[in-house]
Amino acid sequence: MKTPDGQLSVTLNTGDQIPQLGLGVFKVDDDVCEQIVLDALEVGYRHIDTAMIYRNEAAVGRAIASSGIARDELFVTTKLWNSDQGATATPAALATSLELLGLEYVDLYLIHWPAPLRDEYVASWWALEEIHQQGLARAIGVSNFEPEHLERVLEEGSIVPAINQVELHPAFQQRKLRGFQEPLGIITEAWGPLGQGKYELSELPGLTEIAQAHGKSIQQIVLRWHLQEGVVVFPKTVRKERMIENLSVFDFELSPEEMTALAAMDADRRVGTHPMDGNW
Ligand code: NAD
């Protein structure tokens, strides 16, 4: 796909481009999600991150259909839920997602959690490889995978995941995991890029000053930091003015000193579930 003029993109190991900034729709109810996605598409978003478990794929699909935007100008990600893991359930789950989305293919299909107690993520990965070969997912990847889970997929699979989508924000920067996966060509996506609002970004030392220096909000500074780190982000908001704010991060640049100051904000502060515990 072609990323809209003025926005940034990252090249996946498939050769396809992913718009580096999109909209996440976690916890957006199906009945409001259609309008929210329409608003996002109207203000210039072309990348939507959903999941089967968000129960809003049908609304995302309705918004895409009524937007009139060409399919190849959009990047749509959805995810395989834990209870659908395994050789036979995985293709059936994707078929349901595609039906709900009203799409013939997704741009990216992810295993949502390794769910290690189920021990089905390798079999699910083999199913994703087949899904990719059938053209039903242009790229395949994983989410919440620790190095040990990636290692098994690399050893037992034949395709390198394009993406690992993990919790990542200034107080939790995932340096070790990224040092493992990025040299393998696995792109890092950040979920909770703004810390899910679970801590005050303004409490991070020096962030407010950097924002003032650029005439930007602290959220815009954090999103710009992700972009300059090479990370893909899709902050969630249901408010149109915040969608515009979050997308207005392509017209300035953080200096190397400012990037260093942000790197120093890492505090190993996880705000979500540890991947080993996501066995629902
Ligand atoms: P986030 O860090 O995007 O934070 C969302 C919160 O920030 C919301 O409360 C919103 O009101 C607020 N916010 C957004 N823009 C703002 C702005 N400009 N100013 C002030 N506040 C602002 O957290 P998230 O929604 O959890 O993560 C983003 C996306 O990541 C999700 O929507 C989902 O698509 C994905 N995700 C994936 C997983 C996974 O396990 N793979 C887990 C969580 C989220």
Exercise. Scanning for something over 29 Å from residue 33 (Cα atoms) and basic (Lys, Arg), does the stretch 126-144 turn up at least one residue?
Worked result: no
For this session: Go through the stretch 5-26 and count every residue that is within 13 Å of the ligand (Cβ to nearest atom) and in a loop (DSSP other than H, G, I, E, B).
Result: 3
For this session: Please indicate, with yes or no, whether at least one residue in the stretch 27-37 is in a loop (DSSP other than H, G, I, E, B) and crowded, with 21+ Cβ neighbours inside 10 Å.
Result: yes
For this session: Return the total of residues in the stretch 195-205 being more than 8 Å from the ligand (Cβ to nearest atom) and open to solvent by 30 Å² or more (accessible area, probe 1.4 Å).
Result: 5
For this session: Sort through 140, 131, 163 and tell me the only one that's more than 14 Å from the ligand (Cβ to nearest atom), under 13 Å from the mean Cα position of the chain (by Cα), of a type outside the set (Gly, Ala, Ser) and under 23 Å from residue 46 (Cβ atoms).
Result: 140
Seminar exercise, completed: Here the residues within the stretch 246-280 that are more than 21 Å from the chain's Cα centre (by Cα), farther than 18 Å from residue 176 by Cβ and open to solvent by less than 70 Å² (accessible area, probe 1.4 Å) are 252, 254, 255, 258, 259, 261
Exercise. Looking only at the stretch 220-276, which residues are near the ligand (Cβ under 9 Å from one of its atoms) and of a type in the set (S, T, N, Q)?
Worked result: 220, 237, 246, 273
Exercise. Does the stretch 194-212 hold any residues that are over 16 Å from the mean Cα position of the chain (by Cα) and either free of Cβ contacts under 8 Å to residues at least 40 places away in the same chain or at positive phi (or both), and which are they?
Worked result: 197, 200, 201, 202, 203, 206, 208, 209, 211, 212
For this session: Considering each of 234, 172 in turn, give the residue that is within 14 Å of the chain's Cα centre (by Cα), crowded, with 16+ Cβ neighbours inside 10 Å and of a type outside the set (D, E, K, R).
Result: 234
Seminar exercise, completed: Only one of (1) of a type outside the set (D, E, K, R); (2) within 13 Å of the ligand (Cβ to nearest atom); (3) assigned to a helix (DSSP H, G or I); (4) open to solvent by less than 50 Å² (accessible area, probe 1.4 Å) does not apply to residue 145, and that is (3)
For this session: Could you please tell me which pairs satisfy a Cβ distance under 7 Å, a separation of 6+ or placement on different chains, a first residue in the stretch 24-36 that is over 17 Å from residue 77 (Cβ atoms), and a second residue that is of a type in the set (Val, Ile, Thr)?
Result: 32/238
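The values are calculated or read from the model by the stated rules, or taken from the named source; none is laboratory data. In this text the structure is predicted, and so the values were computed from the model without any measurement. Here the Cβ is made from the backbone with ideal geometry for all residues, glycine too, and neighbour counts use every protein chain on show. Heads up: the accessible areas ignore ligands, DNA and RNA and are worked out on the full protein's heavy atoms, side chains in. Shrake-Rupley method; radii C 1.70, N 1.55, O 1.52, S 1.80 Å.
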